[in-house]
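The values are calculated or read from the model by the stated rules, or taken from the named source; none is laboratory data. Predicted model only: the values in this text are computed from it and were never measured. With ideal geometry, Cβ positions are generated from the backbone for all residues, glycine too; neighbour counts draw on all protein chains shown. For accessibility, only protein heavy atoms count, side chains too; no ligands or nucleic acids. Shrake-Rupley method; radii C 1.70, N 1.55, O 1.52, S 1.80 Å.
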Amino acid sequence: MNGKVKGISGATVQVTLPDLQIGDRVFVGEQRLTGEVVRLDGPVATVQVFEENRGLGVHEPVVSAGGPLTVQLGPGLLGGIFDGLQRPLPGLRSTGGDFIAAGSTRLALDMERSFELKPTVRPGSDVKAWQQVGTVTEGHIDHPLFAAVPGVLSEISHGPWTLDRELGRMQDGQWLQGWHSWPVRAARPYRRKLSLSRPLVTGQRCIDLLFPLLKGGVAIIPGGFGTGKTVLEQTIAKFADVDVVVYVGCGERGNEMAGLLDEFSQLQDPRTDRPLSERTIIVANTSNMPVAARESSIFTAVTMAEYYRDLGLDVLFLADSLSRWAEALREISSALEEMPGEDGYPTYLNSRLAGFIERAGVVETMSGAEGSLSMILSVSPPGGDFSEPVTQACLRVSGALLMLDTSLAHRRHYPAINWTQSYSLYSSEAIRHFALEHARWPELRKQCRSLLQREESLREVAEVVGMEGLQESDRLVMRTAEKIRLDFLCQNSFSDDAFADPETTLTRIERLIDEHVELTARLDEGVPLSEILKEAADATG
Ligand SMILES: Nc1ncnc2c1ncn2[C@@H]1O[C@H](COP(=O)(O)OP(=O)(O)O)[C@@H](O)[C@H]1O
Ligand SMILES: [Mg+2]
């Protein structure tokens, strides 16, 4: 069905095209720009266009895609770099310059890439929907391929195989395909949600010991400009103990994305010794790209993340920053002249964010495996004001808050995670797990927290009476707490120290706490603090 552009205001376009539904994808103008129907008024539909629409004119043609915005899912997405409409960026870079030509329709999946297909069922078998029928190797993972429909399998491919060939055939003549399309706004199905229990090791000592996360959990990282959100997100992307990382750069600077790409192609996964790029999918939607595309990048990325979860894998979804997406929602809402809510954000901000964040979790997949989708999302509150609507909306639906502190960042204490105001509701379950391997984990964590808390209150006292006015035991507490801050909580992302596994995290805190206990015992024996500190300094050389 064909229609025409009737009016254009920014990224929203009025079109006349019969039989549309809300959420339908349409191709707008001669350039076939991708848009989505967001409002229907009789014969006129309002379309939010995800691509740069400068140069678009009224009376240009509009065509319906006959359904919603979808992504392609199948083997071969890992290592991919896509724009918000899942068009591969490097491929386009080589053919069409650095920017994607508007309306370009490169496919996400490489239909001609050859995989070695190993069938897991024999012809003649009765297969159920979602039953695994074969496996291909994709980088470091065994990628199962499932039957989309139930029936008796009459043929199954094997050996070198490409996505454009059939995977198998049913007795009734139906084909099985190795890939499919999925609407990005619809959460992918699973059998049931499971409770979260396994820790998500980030490799950041501060997080893993004080604010530990769980696989399937959601953490938010709010922080003002320059507090280290991007560096922290990217460091976690490198080192988290997951099978697949989906990273969305949403409305942030393009040079940061370029740096990330370079690094990922050179670095290796510390666990598998394979290139990091192999386990990562990047969705780049930088600040020079159209604002409306932030919406599609978030949903495109989370749908790809769910796809890998459904293979029974642990997937980590990182977005930097969610605030830029919320700003896009505000812009679109205002173009639609909707009633604004707090700070001009649409009244559906909370439900939209919650609907997206709900896609995280641990699930029993449709094929009966266990898969997890964890989220770590940065938020950039304007002026560092955490009471603003986006931070608050995210807080309501996340289980951990890693609050970045401007004053810590100014002192170059990185990661600038404020240890008094951050929290993790996943702590007790995560600690229980860490304790299975490291019996002292809970006790050392408790001591570490208590020393940091005592430092906080002693600091106030010291401001009044001066350090010299403190008792020797309190001065020892101040000394140890300072060591914990500098030698344990600080972790430079640009050094060999960027990643710490749980063993080294534990040994490091153990050394500091055990020394503190030893020195306190010497104090109790009546040895003066100055002498004890001199001995300690001599001992460590
Ligand atoms: N973990 C870290 N280790 C070392 N330097 C850091 C770390 N985090 C932040 N920085 C420094 O702070 C700067 C700003 O960090 P960035 O992540 O870009 O901030 P934001 O994204 O919050 O604006 C970085 O360029 C880097 O110099
Ligand atoms: Mg940043």
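Find the centroid of the Cα atoms in region 131-197 and in region 363-396, then give the distance between the two in whole Å.
29 Å
Please find the FRET efficiency linking Thr16 to Glu370, where r is the Cβ-Cβ separation and R0 is fixed at 56 Å, and quote it to the nearest 0.05.
0.70
Local charge sum around Thr303 (other residues, Cβ-Cβ under 11 Å, Lys/Arg +1, Asp/Glu -1)?
+2
Which longest run of the chain has no exposed loop site in it, a site being chymotrypsin sites (Phe, Trp or Tyr not before Pro) in a DSSP loop with at most 12 other beta carbons within 10 Å, and the site itself not part of the run?
With chymotrypsin sites (Phe, Trp or Tyr not before Pro) excluded where exposed in loops, the chain gives 226-493 as its longest stretch.
Between the helical axis of 441-465 and the dominant principal axis of the chain, each derived from Cα atoms, what acute angle in degrees is found, rounded to the nearest 10?
That helix lies at roughly 60 degrees to the long axis.
Dipole of the chain (Lys/Arg Cβ +1, Asp/Glu Cβ -1, origin at the Cα centre): which of Ala439, Leu78, Ser157 lies farthest to the positive side?
Positive-most Cα among the choices belongs to Ser157.
Just flag the GluC sites (Glu not before Pro) in region 448-541 sitting in loop per DSSP whose Cβ has no more than 16 other Cβ atoms within 10 Å.
In loop regions of region 448-541 (DSSP not H, G, I, E or B), the sparsely surrounded GluC sites (Glu not before Pro) are Glu525.
Over region 438-540, with every protein chain in place, what whole percent of the accessible area is carbon and sulfur at 1.4 Å, could you tell me?
C and S atoms contribute 50 percent here.
Tell me the label-point distance for the pair Asp142, Thr420, using the 7 Å Cα-to-Cβ offset, in nm and rounded to one decimal.
5.2 nm
Accessible area per residue of the chain at 1.4 Å probe, in Å²?
43 Å²
Sort region 2-68 into rounded, prolate or oblate with this rule: let a ≥ b ≥ c be the square roots of the eigenvalues of the Cα gyration tensor; rounded if a/c is under 1.5, and if a/c is not under 1.5, prolate when a/b is larger than b/c, oblate otherwise.
Cα axes put region 2-68 in the rounded bin.
Any chance you could run the full-extension gain for His410 through Asp538? It's 0.36 nm times the residue separation minus the Cα-Cα distance, nm to one decimal.
In short, 42.9 nm is gained.
Filter the cross-link list Lys483/Lys534; Lys193/Lys238; Lys215/Lys446; Lys446/Lys483 down to pairs whose alpha-carbon distance in this structure exceeds 25 Å.
Violating the 25 Å Cα-Cα cut-off are Lys193/Lys238.
For an R0 of 35 angstrom, estimate the FRET efficiency from the Cβ-Cβ distance between Leu336 and Phe225 and round to the nearest 0.05.
Computed FRET efficiency for Leu336 and Phe225 comes out at 0.75.
Could you compute the net charge surrounding Lys229? Neighbours are other residues with a C-beta less than 10 Å from the C-beta of Lys229; K and R count +1, D and E count -1.
Result for the neighbourhood of Lys229: -3.
Please give the helix 322-335 orientation as an angle from the longest Cα principal axis of the chain, in degrees from 0 to 90, rounded to the nearest 10.
In the chain, helix 322-335 runs at an angle near 40 degrees to the longest axis.
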